[in-house]
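What follows is a short report on a single structure.
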Amino acid sequence: SARMLADITGHDVDDRQLQRLTQSRVLLRDGQLHLEPTLRRAVLDEAQSRIPETLAGLHRTVAGHLLASGRTFEALTHFAHGGDWKTLIETIDESLVGLMAEDQQALQRVILDLPRTVRDEHPRLSLYREYEWKRSDMDSPPYLAITRRMPATLSRLPDVMAPWDRLLALLTRSLMLRLKSDYHGALEAADELDV
């Protein structure tokens, strides 16, 4: 009702707004309640402007629930909305191959939608975008491959990186050089890994 919406939002809702909102409804889909897009946008926009910390906390709670139930991509979206970059990155790190096998394009979208500062702090995210999950045929097992853009991506990485980023970059460089039959370069990368 208009009175209920006025109580929630803190200001009166005119008849035209009410008509638009009442045309939107809550749906039961796959055993879960979903808000129609118009109502969801109205509620989330209002909550973001009035109670941003509470909304971020709700996003993080929902993300944890989704992650526990195996809905990782949806969880990543809620971690991003909640600004929980640390957990989002940890989730990608822990579930990388599974995410790539499930939907590689969705993983790339998640990474590209991250703020630039978050991507810059974790250079391995650039490498993750250059891995591919391949299935050659029904008889052979799937495998992890690297794209042709990988050398350019490796060359753009910063000189100083956190240990995990450095380790992944050296492993990738070693793999790439072995695939190119550059055994001398691969051995140098292996030496750096040992160090």
The one condition residue 174 fails out of (1) surrounded by 13 or more Cβ atoms within 10 Å (Cβ to Cβ); (2) under 17 Å from residue 92 (Cβ atoms); (3) not hydrophobic (A, V, I, L, M, F, W, C) is (2)
Of the conditions (1) open to solvent by 30 Å² or more (accessible area, probe 1.4 Å); (2) more than 28 Å from residue 74 (Cα to Cα); (3) under 23 Å from the mean Cα position of the chain (by Cα), the single one that residue 157 does not satisfy is (1)
Within the range 142-193, residues under 24 Å from residue 122 (Cβ atoms) and among the acidic types (Asp, Glu) come out as 159, 165, 192
Checked the range 40-90 for anything among the hydroxyl-bearing types (Ser, Thr, Tyr) and either assigned to a helix (DSSP H, G or I) or under 16 Å from the mean Cα position of the chain (by Cα) (or both); matches are 49, 54, 61, 72, 77, 87
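Restricting the search to the range 112-140, which residues are of a type in the set (A, V, I, L, M), buried (at least 19 other Cβ atoms within 10 Å of the Cβ) and part of a helix (DSSP H, G or I)? Explain how you work it out, then say what you get.
Pass one, the range 112-140, residues of a type in the set (A, V, I, L, M): 112, 114, 118, 125, 127, 138.
In the following step, the residues that additionally are buried (at least 19 other Cβ atoms within 10 Å of the Cβ) were identified as 114, 125, 127.
Correct list: 125, 127.
Name the residues in the range 141-154 that are loosely packed, with under 12 Cβ neighbours inside 10 Å and within 20 Å of residue 96 (Cα to Cα), would you? Give the derivation first.
Taking the range 141-154 and keeping what is loosely packed, with under 12 Cβ neighbours inside 10 Å, we get 141, 143, 148-149, 152.
Result: 141, 143, 148, 149.
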ask   = Does residue 178 fit the bill of being out of contact with any strand residue (DSSP E or B) (no Cβ under 7 Å at 6 or more places or on another chain), modelled with pLDDT of 90 or more and part of a helix (DSSP H, G or I)?
value = no
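Hey, any hits in the range 98-105 for a residue that's assigned to a helix (DSSP H, G or I) and farther than 28 Å from residue 56 by Cα? Give the steps one after another, and end with the answer.
Filtering the range 98-105 for residues assigned to a helix (DSSP H, G or I) gives 98-105.
From the residues that got through so far, the ones that are farther than 28 Å from residue 56 by Cα too are 101.
Looking for residues that are assigned to a helix (DSSP H, G or I) and farther than 28 Å from residue 56 by Cα, one finds at least one in the range 98-105, hence yes.
The values are calculated or read from the model by the stated rules, or taken from the named source; none is laboratory data. In this text the structure is predicted, and so the values were computed from the model without any measurement. Glycine also receives a Cβ, built like all others from the backbone with ideal geometry; neighbour counts cover every protein chain displayed. Note: accessible area is taken over every heavy atom of the protein model, side chains too, but ligands, DNA and RNA are not part of it. Shrake-Rupley method; radii C 1.70, N 1.55, O 1.52, S 1.80 Å.
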